[in-house]
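Remarks on the structure that follows.
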Amino acid sequence: MCRNIHTLHNFEPAATSDEVHAAALQYVRKVSGATKPSKANAEAFDRAVAEIAHITQHLLDDLVTTAPPKDREVEAAKARERAARRYAALPATA
């Protein structure tokens, strides 16, 4: 699940609220060990996602850098290349 959490800082355009929410959701899923909470835990799960997304947005708003913004397409291409090398290096299973 952690591979689904991506860096959100210093991109142009800035991370959207949907991206921040998706990262918060993945974090809560990982910490709780549940991809979908039971009805008894749904309220706590949803509240945690909302609070983490809120705090994450504040963090992103407050961070400063002198580095130029990263391009999403360039970073995605780099990730695809890393994945291709990683999966090419895995032995085939029968």
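The values are calculated or read from the model by the stated rules, or taken from the named source; none is laboratory data. Computed from a predicted model, the values in this text were never measured in an experiment. Note that each Cβ is placed from the backbone with ideal geometry, even for glycine, and that neighbours are counted across all protein chains shown. What goes into the accessible areas is simple: the full protein's heavy atoms, side chains included, and nothing from ligands, DNA or RNA. Shrake-Rupley method; radii C 1.70, N 1.55, O 1.52, S 1.80 Å.
For ASN41, no residue whose modelled amide H falls within less than 5 Å of its own remains once neighbours fewer than 5 places apart on the same chain are excluded. In straight-distance terms, cross-link reach from LYS39 covers every one of the lysines whose alpha-carbon lies under 22 Å from its own, apart from those fewer than eight places away in the same chain; here that gives LYS30. Protein-only accessible surface at a 1.4 angstrom probe places the residues LEU59, LEU25 in the order LEU59, LEU25, largest first. Estimated from the Cβ-Cβ distance and a Förster radius of 41 angstrom, the FRET efficiency linking ALA67 and SER38 is about 0.45. Couplings 3J(HN,Hα) for the range 6-14, derived from phi with the Karplus relation 6.51 cos²θ - 1.76 cosθ + 1.60 (θ = phi - 60°), are 10, 4, 10, 7, 6, 10, 10, x, 4 Hz, where x marks Gly and Pro. Close amide-amide hydrogen proximity is noted between LYS70 and PHE11, GLU12, each under 5 Å apart and 5 or more residues distant or on a separate chain (H modeled in the peptide plane; Pro and chain starts excluded). Put +1 on the Cβ of every Lys and Arg and -1 on every Asp and Glu Cβ in the chain; which of HIS54, TYR87, THR65 then has its Cα farthest towards the positive end of the dipole? Checking the options against the dipole of the chain, the answer is TYR87.
Screening the chain for DSSP H helices whose Cα atoms reach 20 Å or more along their own axis and whose mean Kyte hydropathy is at least -0.5 gives 17-32, 42-62.
About the centre of its Cα atoms, the chain shows a dipole size close to 660 debye [charges on the beta carbon of Lys, Arg (+1) and Asp, Glu (-1) only; nearest 20 debye].
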